[in-house]
């Protein structure tokens, strides 16, 4: 597990199939400790998380990032929150759903992204420092230092998906933390612009 930013750690699991890292995040926000989109954890990762105190919440950005959520729910006893539109297609029984514009625990804003791979695809926004955006499948950090959309066949309409992602540009952020690939810790907004212009 590595620290990306103050109070934000990331751990990764390499997917042979996709040939990139699947990332999970561990955040300390206000008095809350929050996990996001958890891939498999090593014993050391679990120990580091436990050392910081009780995990309160586990947030999922979309139905396909359920990953190790059930195992984490059992391990840490945290409440699971998922996008309302994706909840019916998920195996995990969520404690709560969220929708666009909701303020989640720890001051995390939910941003619903229309016309993506799953109906509930959401980004999470933290107004700290110069702004931090967390995405699940909305954008992939590949190659490192740049961002790409998913392959066109993943969308019902790739052009509409691109338009849906332009909503992210309304926010002020310097870092983007991705569920898949390499996160960008500074200058991320210009990388998002570039990805959506191509």
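Of note:
Per-residue answers, yes or no, for (1) in a loop (DSSP other than H, G, I, E, B); (2) on the phi > 0 side of the Ramachandran plot; (3) in contact with a strand residue (DSSP E or B) (Cβ under 8 Å, 6 or more places away or on another chain):
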residue	(1), (2), (3)
48	no, no, yes
54	yes, no, yes
64	no, no, no
71	no, no, no
75	no, no, no
82	no, no, yes
85	yes, no, yes
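- Each residue in segment 29-44 was checked for being touching a strand residue (DSSP E or B) at 6+ places or on another chain (Cβ under 6 Å) and without any contact (Cβ under 8 Å) to a residue 60 or more places away in the chain, and 4 pass.
- Condition met for residue 193 (modelled with pLDDT of 95 or more and out of contact with any strand residue (DSSP E or B) (no Cβ under 8 Å at 6 or more places or on another chain)): yes
- Residue in segment 72-86 that is nearest to residue 48 (Cα to Cα), counting only those that are surrounded by fewer than 17 Cβ atoms within 10 Å (Cβ to Cβ) and touching a residue at least 12 places away in the same chain (Cβ under 8 Å): 75
- A single entry from 27, 60, 41, 20 fulfils the requirement of being crowded, with 21+ Cβ neighbours inside 10 Å and under 21 Å from residue 154 (Cα atoms): 60.
- Within the set 93, 99, 130, 142, the sole residue that is without any contact (Cβ under 8 Å) to a residue 24 or more places away in the chain, over 15 Å from residue 61 (Cβ atoms) and touching a strand residue (DSSP E or B) at 6+ places or on another chain (Cβ under 9 Å) turns out to be 93.
- Any chance residue 89 is surrounded by fewer than 18 Cβ atoms within 10 Å (Cβ to Cβ), in contact with a helix residue (DSSP H, G or I) (Cβ under 6 Å, 6 or more places away or on another chain) and modelled with pLDDT of 95 or more: yes
- Given (1) crowded, with 19+ Cβ neighbours inside 10 Å; (2) in contact with a helix residue (DSSP H, G or I) (Cβ under 6 Å, 6 or more places away or on another chain), number of the condition residue 34 does not satisfy: (2)
Results for (1) surrounded by fewer than 22 Cβ atoms within 10 Å (Cβ to Cβ); (2) at negative phi; (3) in contact with a helix residue (DSSP H, G or I) (Cβ under 7 Å, 6 or more places away or on another chain), shown as yes or no for each residue.
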residue: 151; (1), (2), (3): yes, yes, no
residue: 159; (1), (2), (3): yes, yes, no
residue: 162; (1), (2), (3): yes, yes, yes
residue: 165; (1), (2), (3): no, yes, yes
residue: 168; (1), (2), (3): no, yes, yes
residue: 174; (1), (2), (3): yes, yes, yes
residue: 184; (1), (2), (3): no, yes, yes
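The values are calculated or read from the model by the stated rules, or taken from the named source; none is laboratory data. Note that the coordinates shown come from a computational prediction; the quantities given were computed from them, not determined experimentally. Using ideal geometry, Cβ is built from the backbone for each residue, glycine included, and neighbour counts are taken over all protein chains shown.
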